[in-house]
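Quick notes on the structure that follows.
Just so you know, all these numbers are worked out from the coordinates, no wet-lab data involved. Small disclaimer: the values here were computed from a predicted structure and weren't measured. A quick note on method: Cβ atoms are made from the backbone with ideal geometry, for glycine too, and the neighbour counts reach across all protein chains shown.
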Amino acid sequence: MLRRVSLLAGATLLSLGIAQAAQAGTLHNGWNYAIDSFSDGSGGDVYDIEGLAFKATSDFIYISVTGGTPLAGERYGGAADGNIGWGDLLFNFTGNDIHTASTENSLWGIRFAATNDSGVDQVGVYSHVSAQAVAAQNAGYSSLNQYYNAGWNRTNTMGDLATKQDAKDYFGANQALLNVIDTGHFLGGIEFLTDQEAANQGLDFAHFNTTASQTHTFRFDRSFMPSGHFLASVFLECANDGTVLEGELANVPEPSSVVGLTLLGLMFGQKLRRKTAAT
Ligand SMILES: [Ca+2]
Ligand SMILES: [Ca+2]
Ligand SMILES: [Ca+2]
């Protein structure tokens, strides 16, 4: 029994170590950042995304986006609903391009903007997601090629996707850009953090000299997402800007269970020693 407990505690500690080592991307203060070009927002600052950041603990996944677009979007007469705002965040753990993953309903999606044109009703986290493109009804770009041909290719135009070709391979060159959830399985809600609460969690976009007027930070239960390597993308509804973060979600155990197991191991050890001394 003692041996089994010690082995378990050892294995748990080992996976904790891996969790800390395996985060990809630009790390700062425990967050993984994808910093986007500050000058690739077609239509000006209000349509410019400056960064996407990610942090995982044993209990929560934290996400933050910064840019010029308010959470409730911007009024725009040319959009079917009179408003252009944030699309949904789409997580892809499959290693395939986003169209393939969408066709297979194997994306995860987060609707964080309550007034956008998402295909699902509730704000929250979804698994088994297929995605759809809503730029057409939001006076936007029909494809990545159209966006690039309009002159918006800059350094870091697609965050962690380094080259134009990488972006075309992932999103398709001439296909409509998938930027909101179409269908999915609702897992649960998200909780927004104030800027102060986000700073308390170590969020620090200013380290990368961002100057965007809006930062939207939220968290949700760690158990909603699997472990593994992922690409996460977010576009505005009009596809006037978008970015991609590459990251890794490791299997992180509850710290309380590690402490518990270690204590249990110590107790068993003491008991055994006492028994040995008595005989
Ligand atoms: Ca940008
Ligand atoms: Ca809209
Ligand atoms: Ca961009």
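The fraction of all Cα pairs in the range 29-158 landing in successive 10 Å bins from 0 to the largest distance is 11, 36, 43, 10, 0, given as whole percents. Summary of packing: across the peptides 46-56, 32-42, the per-residue average of other C-beta atoms within 10 Å ranks them, highest first, as 46-56, 32-42.
Length gained on full extension, PHE208 to GLN196, computed as 0.36 nm times the residue gap minus the Cα-Cα distance: 2.5 nm. Put simply, the amide H of GLU237, placed in the peptide plane, has neighbours under 5 Å in GLY85, TRP86, GLY87, leaving out anything fewer than 5 places away on its chain.
Around the amide H of GLU50, modelled in the peptide plane, lie the amide H atoms of THR66, GLY67, GLY68, all under 5 Å away and 5 or more residues distant in sequence or on another chain. Across all Cα pairs in the range 151-244, the calculated P(r) in 5 Å bins from zero up to the longest distance comes to 2, 9, 14, 21, 20, 19, 12, 3, 0 percent per bin.
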